[in-house]
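The values are calculated or read from the model by the stated rules, or taken from the named source; none is laboratory data. Predicted, not measured: the structure shown is a model, and the values here were computed from it. For neighbour counting, all protein chains shown are included, and Cβ atoms are generated from backbone atoms with ideal geometry for every residue, glycine included.
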Amino acid sequence: MADLFPGVALGDAVDEKQAIIKPFVCQTAVTKGQIVKFDTHVAGAFPTVSTAGALATNCLGVAMKSGAAGEVITVLVKGYVKVTAVGAITGGVLVVVGAAGTVSTVGANTFEKVVGYSIQTFADTDTGIIFFGG
């Protein structure tokens, strides 16, 4: 399928002015465009993040930058962002985390794991826009 947003790179926000973007420290290596989850937390500091696994429930946002363990990255916590699909995604459906920080269509009994909804239709392994945090 043709990329409907070729000017937006994987992990980039469609509109940064309307997105919520925050810095976090990587607990483990994270790749730009992956959904990240809360990892460890110490008093007085934001939690560290790592790549979310399939059907994770403690998701924080989408990595807008790659980083190694201990590096600070920016994370889109809420807004429109380009991600990678596992399985075909239809526009307007709820999405959950797929393998390795990707997204997939919500399945039966997984509604508590929803991280957002798709803005467009995109094929398995393609990139597309979702609203994260909806």
**Request:** Please determine, by comparing only the residues of region 116-128 that are part of a strand (DSSP E or B) and crowded, with 19+ Cβ neighbours inside 10 Å, which one is nearest to the chain's Cα centre (by Cα).
**Result:** GLY116
**Prompt:** Among VAL62, VAL8, which is the only one that is surrounded by 17 or more Cβ atoms within 10 Å (Cβ to Cβ), among the aliphatic types (A, V, I, L, M) and in a loop (DSSP other than H, G, I, E, B)?
**Reply:** VAL8
**Request:** Please enumerate the residues belonging to region 85-100 that are crowded, with 23+ Cβ neighbours inside 10 Å and either within 14 Å of GLY133 (Cα to Cα) or among the hydroxyl-bearing types (Ser, Thr, Tyr) (or both).
**Result:** VAL95, VAL96, VAL97
**Fill in**
Among (1) part of a helix (DSSP H, G or I); (2) modelled with pLDDT of 95 or more, GLU112 falls short only on (2)
**Request:** Return the only residue of GLY70, GLY107 being farther than 18 Å from LYS32 by Cα, in a loop (DSSP other than H, G, I, E, B) and out of contact with any Pro (no Cβ under 8 Å at 6 or more places or on another chain).
**Result:** GLY107
**Request:** Hey, can you tell me all the residues within region 101-115 that are within 26 Å of SER66 (Cβ to Cβ), of a type in the set (A, V, I, L, M) and surrounded by fewer than 21 Cβ atoms within 10 Å (Cβ to Cβ)?
**Result:** VAL114
**Asked** Out of region 1-53, which residues are among the aromatic types (Phe, Trp, Tyr) and farther than 23 Å from ILE89 by Cβ?
**Response** PHE24, PHE38, PHE46
**Item:** When residues of region 30-59 are limited to those that are outside any strand (DSSP E or B) and of a type in the set (Ser, Thr, Tyr), the one surrounded by the fewest Cβ atoms within 10 Å (Cβ to Cβ)
**Value:** THR40
**Request:** Note down all Cβ pairs under 8 Å where the first residue falls in region 114-127 and is touching a residue at least 12 places away in the same chain (Cβ under 8 Å) and within 11 Å of VAL95 (Cβ to Cβ), the second is in a loop (DSSP other than H, G, I, E, B) and β-branched (Val, Ile, Thr), and they're at least six residues apart or on different chains.
**Result:** VAL114/VAL106; TYR117/VAL93; SER118/THR90; SER118/VAL93
